[in-house]
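Asker: I am attaching a structure below and will ask some questions about it afterwards.
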Amino acid sequence: MQCDKCGEPAVMFAAYSGLHLCERHFRRSVETRVRRRIRDDAMLSDNPTADDPETWLIGLSGGKDSVVLTRILYETFEDDPRIELVGLTIHEGIEGYRDASLEACLELTENLEIDHEIVTYDEEYGVEMDSVAEEDPLGMAPCAYCGVFRRDALSKYADEYGADKLLTGHNLDDEAQTAMMNLLSGDVGQIAKHFDASLGSFDQREIDDDPFVPRAKPLRDIPEKEVALYAHLRDLPTHMAECPHASEAYRGEIQEHLHELEDGHPGTRHSIMSGYEELAALAAEACRDDESGGPDDECDRCGAPTKNEVCRKCELVDAVGGELSGDD
Ligand code: SF4
Ligand code: ZN
């Protein structure tokens, strides 16, 4: 097969667009879609200057998504003094898995000469995911603890670092799965939250009184397979293994259904996302007048924003016998 743009041998075919692309045109197409997303989502909206740059913290796990995101952001802003990039890796304490992916993060950030920080659950919460998964005091899936800890660690660190935005490597498949899970759960409040927290364009979001550093997902138009192919073609240092505690069974089921749908009806993921985003924007607007929406109090223990006396993270730290950093 030949590239539809130049006639060189094609390295991929995208059924949803009907295009065969060669390596050069495929790479360009991925980069163009990421840059367009950065523009369309108004990620550079605060008019930073060289003297007063914006700091973008990149959640860097060492997997293909975050590595590709870091590489493309680096090349996009390499000569732009208005943006400073910093990689942040969360070390959950999962033997074998996170140590190997940390290597990929170190190799990448050393190559690109960008700052890289590491936050560990052990230092932050006095626990490691391996023992949490083994003991599981609340009888939940390991990811239920880990997700809360990761979110807290990212937000807290982004805040302490004075970061303006937190960027994560979620791709089109991840976002379509989340959209379907939210729709199928019937939780309109969750859909509204998703929009203001990380999905919507910055000019449409209400983030002024949001206590969390705003998040964004520049890869959210790129299908997972294309992210993997891009990483492979550019020979980027990535770590492919799956976490031994991966337990999001429902997400896995949705993923399988979405693959089937996409095979039979190319473009399904894109159309789910365009409809979902519109709906989420409407839901967010409707929920903003509802006072019970966001967190309006501070956690008695750690000061994190919460609706309750003690935040979920502090509850979980207690349950697993951990200790917050800074506690006596
Ligand atoms: Fe944590 Fe689950 Fe991800 Fe493993 S798969 S790192 S336990 S959230
Ligand atoms: Zn707390």
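The values are calculated or read from the model by the stated rules, or taken from the named source; none is laboratory data. Not measured: the values here are computed from a predicted model. For neighbour counting, all protein chains shown are included, and Cβ atoms are generated from backbone atoms with ideal geometry for every residue, glycine included. Note: accessible area is taken over every heavy atom of the protein model, side chains too, but ligands, DNA and RNA are not part of it. Shrake-Rupley method; radii C 1.70, N 1.55, O 1.52, S 1.80 Å.
Asker: Over 22 Å between Cα atoms: which of Lys64/Lys193; Lys193/Lys307; Lys217/Lys307; Lys64/Lys156; Lys156/Lys225 fall into that group? Spell out each step's value before the answer.
Answerer: Details: Lys64/Lys193 27 Å; Lys193/Lys307 14 Å; Lys217/Lys307 26 Å; Lys64/Lys156 25 Å; Lys156/Lys225 32 Å.
Check vs 22 Å cut-off fails for Lys64/Lys193; Lys217/Lys307; Lys64/Lys156; Lys156/Lys225.
Asker: Between His265 and Asp296, with labels modelled 7 Å along Cα→Cβ, what's the label distance in nm to one decimal, could you check?
Answerer: 4.1
Asker: I'd like to check one number: the per residue accessible area of the range 202-289, probe 1.4 Å, reported in Å² as a whole number.
Answerer: Numbers: 5050 Å² over 88 residues.
Normalised by residue count, the accessible surface of the range 202-289 is 57 Å².
Asker: Probe radius 1.4 Å, ligands and nucleic acids ignored: give me the carbon and sulfur share of the accessible area of the chain as a rounded percent.
Answerer: 45
Asker: If packing is taken as the mean number of other Cβ atoms within 10 Å per residue, what is the order of 116-125, 164-173, 75-84, highest first? Mind dumping the intermediate values first?
Answerer: Numbers: 116-125: 18.4, 164-173: 22.3, 75-84: 13.8.
Going by the mean number of other Cβ atoms within 10 Å, highest first, we get 164-173, 116-125, 75-84.
Asker: With a 1.4 Å probe and every protein chain left in place, work out the accessible area per residue of the range 22-95 in Å², rounded to a whole number.
Answerer: On the way: 3060 Å² over 74 residues.
I get 41 Å² per residue for the range 22-95.
Asker: Also: Quote the relative contact order of the range 35-123 in percent (integer), defining contacts as alpha-carbon pairs under 8 Å separated by 6+ residues.
Answerer: Values: 110 pairs, mean separation 27.2, N = 89.
About 31 percent, as a whole number.
Asker: If I take every Cα pair under 8 Å that is 6 or more residues apart in the range 43-179, average their sequence separation and divide by the length, what percent do I get for the relative contact order?
Answerer: Details: 173 pairs, mean separation 43.2, N = 137.
This gives 32 percent for the range 43-179.
Asker: Take every Cα-Cα distance within the chain, group them into 20 Å bins from 0 onward, and report for each bin the whole-number percent of pairs it holds.
Answerer: P(r) for the chain, in whole percents per bin: 28, 62, 10, 0.
Asker: State, as an integer percentage, the relative contact order of the range 100-242 based on alpha-carbon contacts under 8 Å between residues 6 or more apart. Please list the in-between numbers first.
Answerer: Working: 102 pairs, mean separation 44.0, N = 143.
Relative contact order comes out at 31 percent.
Asker: Moving on. Residues of the range 258-278 with backbone nitrogen within less than 14 Å of a virtual label 7 Å along the Cα-to-Cβ line of Ala15, please, listed as ranges.
Answerer: The answer is 258-270.
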